[in-house]
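Notes follow once the structure below has been shown.
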Amino acid sequence: MFKKRLTLVLAVLLVLALAGAQCPQQPPAQPTAEPTKAPPAKLKVAFVYVAPIGDMGWTYAHDQGRLMVEKEFGDKVETAYIENVPEGPDAERVIRDFAQKGYKLIITTSFGFMDPTITVAKEFPDVWFVHISGYKTAPNVSTVFGKIEEPRYVSGLVAGKMTKSNKLGYVAAFPIPEVVRGINAFTLGVRKVNPQATVKVVWTNTWFDPVKEKEAAVALLAEGCDVIAQHQDTPEPQKAAEEKGVWGVGYDSDMSRQAPKAVLTSPVWNWGVKYVDIVRQVMAGTYKTEEYWGGWKDGVVDLAPYGPMVPDDVKKMADAEIARFKSGEATIFTVFTGPLKDNTGKERVPAGKAMTAEELLSMDWFVEGVEGTVPK
């Protein structure tokens, strides 16, 4: 019996050995490769606009900056925007909604968005906020603006040479320092080349209202103004000038496309220069709170090409001034260097002294040559 069992066991072992010899040998186990790291998530960037992109002015210029960001960073960024956001509670709601949706950089592009931006920023400390034209900052809130007064001054030189009536009009939005500085810079340019000229101001108390803007320009034209400048969001004042057969100076973007027979030139914004820089720093984790106030030398402001009606000698004069600003030889402080009187005859800045940044950022008086008052 024992021999039979031994024989059976040996037979089974032989069968198993033969089966193993016929099966392919499995390769030794290899170490598991480290999983491929996922690419970094896109930086989500949101823009809050006070007017429609189609205003062809302020908001249009900001949206050109947004598009520049998309072109520069491609699929590394995702941008979004909302147009026609009123200044006030609605702005706070829109800003908060972007933060809740995971946008890590939110750019708010109107002065009246300042307090809503600060309020929402406190609730989202891991989100960067950039407010355009304001003065309040926080650990995660920067302010960004540019010395648009530099090209405004040069546009005033051009306008002062082109007027025949020595009466120029200015359609102005709100009586805040930003607007007052622009009116003053333009007027200083006008009177630099034409001391007899005056600039009359009409306030609309709106950033974006095509009807009001045009009505204000028409009123100025009725008083004999033959150049219409503006701090408004649309080209309507320029269209009014063209319809009257006189000249105009646009703002924000090149408005010659809307009023080619009127527009002498336009002080313009190149927001993309700064927006690309901010996005690059945020993506690198190196961005810090700033109070940015860039000038012509930085490329954030510029002057649009002259219209064909501008004589060569006027272009040459203006180009010489532009070269000074672009080189850094001249700045906004050069423009606002004394002696400067206000339009009541009171000396505001003594000879040889330049206004400080703080004085310019809180400016609430008109220079000599401006007709009108700054409402309190």
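Looking only at the stretch 120-140, residues that are farther than 18 Å from V50 by Cα and either in contact with a helix residue (DSSP H, G or I) (Cβ under 6 Å, 6 or more places away or on another chain) or not hydroxyl-bearing (S, T, Y) (or both) come to 12 in all. Could you grab me the full set of residues in the stretch 123-142 that are among the β-branched types (V, I, T), over 16 Å from A91 (Cβ atoms) and buried (at least 21 other Cβ atoms within 10 Å of the Cβ)? Within the stretch 123-142, no residue meets the criteria.
The set of residues from the stretch 141-154 being in contact with a helix residue (DSSP H, G or I) (Cβ under 6 Å, 6 or more places away or on another chain) and either without any contact (Cβ under 8 Å) to a residue 60 or more places away in the chain or part of a helix (DSSP H, G or I) (or both) comprises E149, E150, R152, Y153, V154. Being buried (at least 24 other Cβ atoms within 10 Å of the Cβ) and within 22 Å of T206 (Cβ to Cβ) is a description that applies to A240. Could you grab the pairs with beta carbons closer than 6 Å, sequence gap of 6+ or different chains, first residue in the stretch 115-132 and of a type in the set (A, V, I, L, M), second one surrounded by 24 or more Cβ atoms within 10 Å (Cβ to Cβ) and assigned to a helix (DSSP H, G or I)? Filtered contacts from the stretch 115-132: V120/I95.
Among the residues of the stretch 197-215 satisfying the criterion of being out of contact with any Phe, Trp or Tyr (no Cβ under 8 Å at 6 or more places or on another chain) and not in a loop (DSSP other than H, G, I, E, B), which is surrounded by the most Cβ atoms within 10 Å (Cβ to Cβ)? Out of the qualifying residues, it is E213.
Residues of the stretch 213-257 that are touching a Ser or Thr at 6+ places or on another chain (Cβ under 9 Å) and at positive phi: G224, D252.
Yes/no matrix, rows are residues, columns are (1) within 30 Å of G328 (Cβ to Cβ); (2) not aliphatic (A, V, I, L, M):
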position	(1), (2)
K104	no, yes
V141	yes, no
Y153	yes, yes
K167	no, yes
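Search the stretch 155-194 for residues being in contact (Cβ under 8 Å) with a residue 40 or more places away in the chain and part of a loop (DSSP other than H, G, I, E, B), and hand back the single one that is surrounded by the fewest Cβ atoms within 10 Å (Cβ to Cβ). Applying the filter and picking the extreme gives K164.
Set side by side, the residues W247, W269, W296 differ, and just one is out of contact with any Leu (no Cβ under 9 Å at 6 or more places or on another chain) and in contact (Cβ under 8 Å) with a residue 60 or more places away in the chain, which is W269.
Within the stretch 365-376, the set of residues being assigned to a loop (DSSP other than H, G, I, E, B) and either surrounded by 11 or more Cβ atoms within 10 Å (Cβ to Cβ) or among the charged types (D, E, K, R) (or both) comprises W365, F366, E368, G369, G372, T373, V374, K376.
Scanning the stretch 220-232 for residues that are outside any strand (DSSP E or B), of a type in the set (A, V, I, L, M, F, W, C) and touching a residue at least 24 places away in the same chain (Cβ under 8 Å) yields L220, L221, C225. Residue count for the stretch 114-140 satisfying the condition of being of a type in the set (V, I, T) and part of a strand (DSSP E or B): 2.
Read the figures in this text as sums done on the coordinates, not as results from a lab. Values in this document were obtained by computation on a predicted structure and should not be read as measured data. FYI the Cβ positions are ideal-geometry reconstructions off the backbone, even for glycines, and counts take in every protein chain you see.
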